[in-house]
Amino acid sequence: MPGASNTGVPSGTALTVHNGDINVTKAGTVLDGLDIRGLVKISAANVTIKNSIIRGRSMNGPGALINNLGGFSNLVVTDTELSPSAASPDANGIYGYNFTATRVNINNAIDGIHVTGSNVVIQDSWIHDNMHYLKDPNQGGSPSHDDSIQVQSGNNITVAGNRLTDSHSAAVQITQDRGKVSNFAFTDNFANGGACTVNIAEKSYGPIQGAVITDNTFGRDSRLANCAVIAPTTTKIDFAGNYYTPDDTLVTIRKG
């Protein structure tokens, strides 16, 4: 299971401190072995971030330690930790799409990952210890809506082999806030917490097509009892092999 020993910067890696933001504008850039005291913006294709820690900085509104909202293709984030150096309701982990995140450790952020488009793989990663505020200025003074992974739109999204814990809202929240979501696969994960741990909403875009939720293990710490997965009945899900721990009870979908 993903954890401290097998996600984030590998033990013994020497890091070079970089003070300030990085705007990557050259295709094929590799950021390797850095301790980044700022934010990273992706402005080119085929960028790799590996063996690094990104700590962010103070922000004047919601943002992400890694920003690929432009959707530049083939962003790869591997063996990297995203951990805001200062607690903030503005700090999130990754925003964007067209990326693969592998063995990433994201902690102390509001949302671990915001998926805003297509072609995303999140695998073998640990997203945990979300920040949560009872009076969050970004929610009009109501509590934070912190999620491990929030999917706002996109096709071809895979979440596999991860450990997702400690979020207040959901481990995975599909909102369709920006557009339609399709071909979403959630497999072989451990997920726990939230009101309901996986929460699927259709909103104005209708049923999610090609949804798969298989072979996952769910904890019992959702605020609503026995609510590992909630979804509208109009969204048809390939749903099998999902169990609660520690009692190995079969998970069923709650009607949402």
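Each reported figure results from applying straightforward, stated rules to the coordinates on display, with no laboratory input. Everything numeric in this text was worked out from a predicted model, so none of it was measured. Cβ coordinates were reconstructed from backbone atoms using ideal geometry, including for glycine residues, and neighbour counts include every protein chain displayed.
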Please compute the Cα-Cα pair-distance distribution of the stretch 1-63 with 5 Å bins starting at 0, giving whole percents from short to long. 5, 16, 22, 23, 18, 12, 3, 0
Reduced Cα scattering model of the stretch 84-183, Debye log10 I(q)/I(0), q = 0.10, 0.21 Å⁻¹: -0.24, -1.04
Normalising by the residue count of the stretch 113-230, find the relative contact order in percent from Cα pairs under 8 Å and 6+ residues apart. 23 percent
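Anything over 32 Å Cα to Cα? Flag those among Lys41/Lys135; Lys135/Lys180; Lys41/Lys180; Lys180/Lys255; Lys50/Lys203, in the order listed.
Long pairs (Cα-Cα over 32 Å): Lys50/Lys203.
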State to the nearest 20 debye the size of the charge dipole of the stretch 1-86 about its Cα centre, where the only charges are +1 on K and R beta carbons and -1 on D and E beta carbons. 180 debye
Assigned charges on the beta-carbon of Lys, Arg, Asp, Glu; the chain dipole about Cα centre (debye): 500 debye
Ranked by how many other beta carbons lie within 10 Å on average, peptides 179-189, 110-120 from highest: 110-120, 179-189
So, over other residues within a Cβ distance under 12 Å of Gly193, counting Lys, Arg +1 and Asp, Glu -1, the net charge is -2
Here are some values of mean projected area of the Cα convex hull in nm²: (i) 17.4; (ii) 18.5; (iii) 12.6. Which one was computed from this structure? (iii)
What does the charge count around Lys135 come to, taking other residues whose C-beta lies under 15 Å from its C-beta (Lys +1, Arg +1, Asp -1, Glu -1)? -3
With label points set 7 Å from each Cα along the Cα-to-Cβ direction at Asn46 and Thr233, the distance between them in nm comes to 5.1 nm
Determine, from the Cβ-Cβ distance of Ser58 and Arg223 and an R0 of 30 Å, the FRET efficiency 1/(1 + (r/R0)^6), rounded to the nearest 0.05. 0.45
In the stretch 16-255, taking the dipole from +1 charges on Lys and Arg beta carbons and -1 charges on Asp and Glu beta carbons about the Cα centre, the listed residue (Gln173, Gln152, Leu224) farthest towards the positive end is Gln152
Which value in nm describes the separation of the simple spin-label points at Val212 and Val121, placed 7 Å from the Cα toward the beta carbon? 1.3 nm
Full-extension gain in nm, Ala14 to Val30, via 0.36 nm per residue minus C-alpha separation: 4.2 nm
Prolate/oblate/rounded label for the stretch 138-178 (Cα gyration tensor, a/c 1.5): oblate
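Give, as a single signed number, the net charge of other residues whose beta carbon lies under 13 Å from the beta carbon of Thr234, with Lys and Arg counted +1 and Asp and Glu -1.
+2
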